[in-house]
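The structure under discussion appears below in the form of structure tokens.
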Amino acid sequence: DTEVTQTPKHLVMGMTNKKSLKCEQHMGHRAMYWYKQKAKKPPELMFVYSYEKLSINESVPSRFSPECPNSSLLNLHLHALQPEDSALYLCASSQDQAAGQPQHFGDGTRLSIL
Amino acid sequence: GQNIDQPTEMTATEGAIVQINCTYQTSGFNGLFWYQQHAGEAPTFLSYNVLDGLEEKGRFSSFLSRSKGYSYLLLKELQMKDSASYLCAVGTGANNLFFGTGTRLTVIP
């Protein structure tokens, strides 16, 4: 079990669907992250929120839309995805964005695009 | 940009010692992390080095040489449960992590 909870664990959607991935942490962390991980590849940073404000967008296509409703929650809204977007989506959090803060990862949502 | 290299796969025997190397070229370096990831699970934090030298934590130790752009993770008294991928990650800017390709370690009896 991890202290970062992601739902759903698995998601299958068509290219025209709209869905959301959710992430929750109750460690009082003020930085939250979305990563994408393809099979047998390392996680790749997508977005960073710091104190509920978007601080990093690593040139992610607009079909991925992050949202941070409060300090404990992070969502990733999905629309018009492509088959190549199938991957494991990992959420992480850290105390803040100060250098050296370990990031704690959730178990991820395994996304399949039909 | 970031360039981080690790061996793709390693095999070691239960009870032995294994060293996993990581070399990096990066801008804005502010530390090096090691994570363990079992198949289908979340990465878990193992260690962080920001100064040169060796950090020891139980069976795991991590070393950093900033001038050489080099780190290694040392695992002692290997156990079967240590079979996993080991990810080297460079911290840059405001705690952003850029991961290496990972080393898949298989521990055999």
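Derivation of every value follows stated rules applied to the coordinates shown; laboratory data play no part. Keep in mind that what you see is a predicted model, and the values were worked out from it rather than measured. Backbone-built Cβ (ideal geometry, glycine too); neighbour counts: all protein chains shown.
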Placing each pseudo-label 7 Å from Cα in the direction of the beta carbon, B:Asp5 and B:Val50 end up separated by a distance in nanometres of 2.8 nm
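I need the calculated FRET efficiency for the pair B:Lys57 and A:Ser86, taking r as the beta carbon distance and R₀ as 45 Å, to the nearest 0.05. Intermediate results must be reported in sequence, preceding the final value.
Values: r = 36 Å, r/R0 = 0.80.
E between B:Lys57 and A:Ser86, to the nearest 0.05, is 0.80.
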Between rounded, prolate and oblate, where does chain B land on the alpha carbon gyration tensor, with a ≥ b ≥ c its root eigenvalues, rounded for a/c under 1.5, else prolate if a/b exceeds b/c?
prolate
Lys/Arg +1, Asp/Glu -1 at C-beta; chain A dipole; positive extreme among A:Ala98, A:Pro69, A:Ser59:
A:Ser59
Once phi is turned into ³J(HN,Hα) by the Karplus curve 6.51 cos²θ - 1.76 cosθ + 1.60 with θ = phi - 60°, what whole-Hz value does each residue of region B:7-18 show in order, with x for glycine and proline?
x, 6, 9, 9, 10, 9, 9, 3, x, 7, 10, 9
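Could you give the length gained by full extension between B:Ile108 and B:Gln79, i.e. 0.36 nm per residue of separation minus their alpha carbon distance, to one decimal place?
Numbers: separation 29, 0.36 × 29 = 10.44 nm, distance 0.88 nm.
Difference between extended and current length: 9.6 nm.
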Length-normalised contact order of region A:27-92, Cα under 8 Å, at least 6 apart, in percent, tallies to 36 percent
Find the relative contact order for chain A and round it to a whole percent, using C-alpha pairs within less than 8 Å whose residues are 6+ positions apart.
38 percent
Tell me which chymotrypsin sites (Phe, Trp or Tyr not before Pro) from region A:2-102 have a DSSP coil assignment and no more than 16 other beta carbons within 10 Å of their own.
A:Tyr51
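Scan region B:62-109 for trypsin sites (Lys or Arg not before Pro) in coil per DSSP, keeping those whose Cβ has at most 16 other Cβ atoms within 10 Å, and list them by number.
Numbers: sites: B:Arg66, B:Lys68, B:Lys76, B:Lys81, B:Arg104; in loops: B:Arg66, B:Lys68, B:Lys76.
Answer by residue number: B:Arg66, B:Lys68, B:Lys76.
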Out of B:Gln2, A:Met13, B:Phe63, whose Cα points farthest toward the positive end of the dipole of the protein assembly as shown (charges: +1 Lys, Arg; -1 Asp, Glu; placed on Cβ)?
A:Met13
Let me know the charge dipole size of region B:1-86 about its Cα centre in debye, to the nearest 20, where only the beta-carbon of Lys, Arg (+1) and Asp, Glu (-1) is charged.
180 debye
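Which shape class, rounded, prolate or oblate, goes with the protein assembly as shown when its Cα gyration tensor gives a ≥ b ≥ c as root eigenvalues, a/c under 1.5 marks rounded, and past that a/b bigger than b/c marks prolate? List each step's numbers first, then the result.
Details: a/c = 1.91, a/b = 1.49, b/c = 1.28.
Verdict is prolate for the protein assembly as shown.
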Does region A:42-114 come out rounded, prolate or oblate, given a ≥ b ≥ c as the square roots of the eigenvalues of its C-alpha gyration tensor, rounded meaning a/c under 1.5 and, failing that, prolate meaning a/b above b/c?
prolate
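Can you pick out the pairs among A:Lys53/B:Lys81; A:Lys53/B:Lys76; A:Lys9/A:Lys53; A:Lys22/B:Lys68; A:Lys9/B:Lys76; A:Lys53/B:Lys68 whose Cα atoms lie more than 32 Å from each other? Don't jump to the answer; show the numbers that get you there.
Details: A:Lys53/B:Lys81 39 Å; A:Lys53/B:Lys76 42 Å; A:Lys9/A:Lys53 26 Å; A:Lys22/B:Lys68 40 Å; A:Lys9/B:Lys76 34 Å; A:Lys53/B:Lys68 36 Å.
Where the Cα-Cα span goes over 32 Å, the pairs concerned are A:Lys53/B:Lys81; A:Lys53/B:Lys76; A:Lys22/B:Lys68; A:Lys9/B:Lys76; A:Lys53/B:Lys68.
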Under the Cβ-under-4.7 Å rule, which cysteines of the protein assembly as shown stay unpaired?
A:Cys68
